[in-house]
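What follows is a set of notes on a single structure, which appears directly below.
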There are 2 protein chains.
Amino acid sequence: MSRATSIDVAVEAGVSQATVARAFSRPELVAEGTRRRVEEAADRLGYRPNAIARSLKSSRTNIVGAIVPASGEFWLRVLAALSAELADRGRQLLLFSFDDAEAVDDVIAAVDQYRLDGLIMASTSIAQQQVVRVAPTGLPIVAFNQPAVAGLVPSVSVDNAAGGATVAEHLVARDCRDVLFVGGVESASTDQLRYAGAARALGAYGVACPYLSAGAFSYDAGHAIAAELLARGPLPDGLMVAADEVAFGLIDGLEAAGVAVPDDVLVTGFDGLPQAAWAGYDLTTLVQPVDALASAAVDRLLTDAAPDADGVVPGTLRIGRSTTPAGLVVENSSSPDRAER
Amino acid sequence: MSRATSIDVAVEAGVSQATVARAFSRPELVAEGTRRRVEEAADRLGYRPNAIARSLKSSRTNIVGAIVPASGEFWLRVLAALSAELADRGRQLLLFSFDDAEAVDDVIAAVDQYRLDGLIMASTSIAQQQVVRVAPTGLPIVAFNQPAVAGLVPSVSVDNAAGGATVAEHLVARDCRDVLFVGGVESASTDQLRYAGAARALGAYGVACPYLSAGAFSYDAGHAIAAELLARGPLPDGLMVAADEVAFGLIDGLEAAGVAVPDDVLVTGFDGLPQAAWAGYDLTTLVQPVDALASAAVDRLLTDAAPDADGVVPGTLRIGRSTTPAGLVVENSSSPDRAER
DNA sequence: TGACCGGATGAGTACGTATTCATAGTGTTC
DNA sequence: GAACACTATGAATACGTACTCATCCGGTCA
């Protein structure tokens, strides 16, 4: 007793299969009474149009693929946002998560088989050449937070450079004269842009900004780099970290070594994870507008945007205790640095 | 210039379409030389089998659906684990996330259309009747961490009752004589089981264990309930919270009010989120073996397990600072309560 | 040498839908 | 009342694959 088909419904309702198909896909072409009879018959048989067969005919699946790294709080948040956004537009999300960059090739092969309506590539570690290989297949693509491929395929990302600058200026406003940028993965374009934005902004104030890589965008990497930082000599005034998760690890690593944040050193993050607002850290960070980014990405995907359509969405600075030493008096406590942006 | 089909390849290779199809689906039936010729022709044309058409014929999509709540750190972790597990078995994951329980009906309708190979329902807020409605369609289902439907459909979950007991016994071992259980959503079966396990275990020691609901499984709910707790009168020795995320909020709420954890009150969580291990909280919690759970769920799904096949996987206690007051001397600091389980 | 067997391949069909084309029916206009 | 426009419907086909069945061919055995 398998699923009822449109033919079963046609027999039940005493009409042709074509009429059943029309009743579901273009109801305005079917007479009122007929349509009701078809609907009743369909209800009785528990009929649902078979999306697979429909896709075969129409060559549109209503499914959008998303390639997303398998770990990291930020990506998981992005995933939820994309899923919600697609659901709003009647699409489904086929998830491809991957651990290491090599697996991306397998994923791309799979994507190809499913004739998806589009593909969102969300990762900093997908190589440029891998993206390029997909592009000619005619599959609409959008790169998510992967500014390196901007120009090759439509992309959407937060304004990393401006965000880096915003955070840097905040540190200057908090009297930092000596800042160290702690990056995640040096080759990641987001890392580079955030650093470039920060270095330029700090340069305008005559503040130098060396770069140090933690080696990964993870809590553990941040925790591990703390020791190296302390071994290097005296701490700078401010540590500007390229990602919240790394910053959490770094803060914990520092405090385990007896260094207090923000009393001994100011720390900032980047991403605006929910945990940044949790009192345990209360981290100053650049909040990525995940929902807006997801919305923009889906937009570009479904309207088949031009390859050079780069959507850059501004982030917002969240100021927390991690850059607010106990002694500091701030005029407007809710958002003291609002004017900076 | 659309995609090449098996017919195009057949022409190019000078064989029939049937041979091309065989070369890809059952290569052992095709002679060595022919197969090579087909493969070369396919490469030249960039041919990939169309999974949609294959599904139509074989009525197997190789796609498994997952209905997962749109928020909550725990669910996101589950999602990543499921995706990885399915990828290992050559399946894809079609994601359906939902905000409110009503949306589940829409999701189920969508699921039905895609003729998925299986469906994983991961949520405590999916009503029993909704699950039951899906069951008769013949679609293999597995309920994930939703013990309420055990017996109706195959289910997989952590041993909530035993976990609750384990945590409770740990609190007793830490000299708690007065414990309050802070639940998330009272109607959630996970909540009930964890509470029941805890209450039974505590009862054996003559320790009472009242129940208080935070109203949601969220940081904010935990934060908000802190005030109510303090207004109720003197704090108990230990607060046993039904979920890590709630516990984080509760701890922050308490500390904002000047109550120190663990010095003034011990706090435990449940789930074992990565953040529990972060030094900011260092929470004692029952770690759910997410990967093992995901693996078990996929297993049951693909082998079409019996409806009464209930997979209950044990969790492990993680002991953190949140139940280790400064004065306490512990014999084996790495895992002092290992014997408890 | 003829019957037979097994492997390799081709012709044809089915999966369930959407859509094109043809046709029957119903008014409408001069 | 005939020619016409228009709506509602049915018959037939295509989407791309997998699989059944039939065919062919070289080798084997009596």
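The values are calculated or read from the model by the stated rules, or taken from the named source; none is laboratory data. Everything quoted here is computed from the prediction, not taken from an experiment. In this analysis, Cβ positions are derived from the backbone assuming ideal geometry, glycine residues included, and neighbour counts consider all displayed protein chains. Only protein heavy atoms, including side chains, enter the accessible area calculation; ligands, DNA and RNA are left aside. Shrake-Rupley method; radii C 1.70, N 1.55, O 1.52, S 1.80 Å.
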ask   = Out of all the residues in the stretch B:308-323, which are in a helix (DSSP H, G or I) and surrounded by fewer than 20 Cβ atoms within 10 Å (Cβ to Cβ)?
value = B:321
query = How many residues does the stretch B:267-276 contain that are modelled with pLDDT of 95 or more, in contact with an Asp or Glu (Cβ under 8 Å, 6 or more places away or on another chain) and open to solvent by less than 10 Å² (accessible area, probe 1.4 Å)?
reply = 2
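Here is a yes/no grid of residues against (1) on the phi > 0 side of the Ramachandran plot; (2) small (Gly, Ala, Ser); (3) touching a helix residue (DSSP H, G or I) at 6+ places or on another chain (Cβ under 9 Å):
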position	(1), (2), (3)
B:16	no, yes, yes
B:19	no, no, yes
B:30	no, no, yes
B:33	no, yes, no
key: When residues of the stretch B:66-77 are limited to those that are facing chain A (nearest Cβ under 10 Å), open to solvent by less than 30 Å² (accessible area, probe 1.4 Å) and in contact (Cβ under 8 Å) with a residue 24 or more places away in the chain, the one farthest from DNA strand C (Cβ to nearest atom)   = B:73
ask   = Going by the structure shown, is residue A:107 without any contact (Cβ under 8 Å) to a residue 60 or more places away in the chain, aliphatic (A, V, I, L, M) and either assigned to a strand (DSSP E or B) or within 16 Å of DNA strand D (Cβ to nearest atom) (or both)?
value = no
ask   = Within the bounds of the stretch A:56-65, is there any residue that is touching a Leu at 6+ places or on another chain (Cβ under 6 Å), surrounded by fewer than 21 Cβ atoms within 10 Å (Cβ to Cβ), within 7 Å of chain B (Cβ to nearest Cβ) and over 15 Å from residue A:301 (Cα atoms)?
value = yes
key: One residue from B:204, B:165 being within 25 Å of the chain's Cα centre (by Cα), open to solvent by 10 Å² or more (accessible area, probe 1.4 Å) and without any contact (Cβ under 8 Å) to a residue 40 or more places away in the chain   = B:165
query = Out of the stretch B:47-72, which residues are assigned to a loop (DSSP other than H, G, I, E, B) and either modelled with pLDDT of 95 or more or within 8 Å of DNA strand D (Cβ to nearest atom) (or both)?
reply = B:47, B:48, B:49, B:50
task = Report, by residue number, each residue of the stretch B:1-25 that is more than 9 Å from DNA strand C (Cβ to nearest atom) and of a type in the set (Lys, Arg).
result = B:3
message = Looking at the stretch B:81-96 only, could you name the residues that are open to solvent by 20 Å² or more (accessible area, probe 1.4 Å) and either assigned to a helix (DSSP H, G or I) or at the interface with chain A (Cβ under 7 Å from one of its Cβ atoms) (or both)?
response = B:84, B:85, B:87, B:88, B:92
remark   = The residue that is farthest from the other protein chains (Cβ to nearest Cβ), considering only those in the stretch B:277-292 that are buried (at least 24 other Cβ atoms within 10 Å of the Cβ) and in contact with a strand residue (DSSP E or B) (Cβ under 7 Å, 6 or more places away or on another chain), is B:286
query = In the stretch A:46-97, what count of residues is obtained for those that are of a type in the set (D, E, K, R) and within 19 Å of residue A:275 (Cβ to Cβ)?
reply = 2
ask   = So which residues in the stretch A:78-99 are free of Cβ contacts under 8 Å to residues at least 24 places away in the same chain and either in contact with a Gly (Cβ under 8 Å, 6 or more places away or on another chain) or of a type in the set (D, E, K, R) (or both), if there are any at all?
value = A:88
ask   = So residue B:3 fits all but one of (1) assigned to a helix (DSSP H, G or I); (2) open to solvent by 30 Å² or more (accessible area, probe 1.4 Å); what number is the exception?
value = (1)
note = When every residue in the stretch B:28-46 that is within 11 Å of DNA strand D (Cβ to nearest atom) and within 14 Å of another protein chain (Cβ to nearest Cβ) is compared, the one least open to solvent (accessible area, probe 1.4 Å) is B:42
ask   = What number of residues in the stretch A:10-27 are part of a helix (DSSP H, G or I) and either within 40 Å of the chain's Cα centre (by Cα) or away from DNA strand D (no atom under 11 Å from the Cβ) (or both)?
value = 7
task = Pick out the one residue from A:296, A:305 that is closer than 24 Å to residue A:72 by Cβ, crowded, with 18+ Cβ neighbours inside 10 Å and in the same structural domain as residue A:67 (by TED's automatic domain parsing).
result = A:296
request  = For the stretch A:180-193, name all the residues that are open to solvent by 10 Å² or more (accessible area, probe 1.4 Å) and more than 19 Å from residue A:225 (Cα to Cα).
outcome  = A:189, A:193
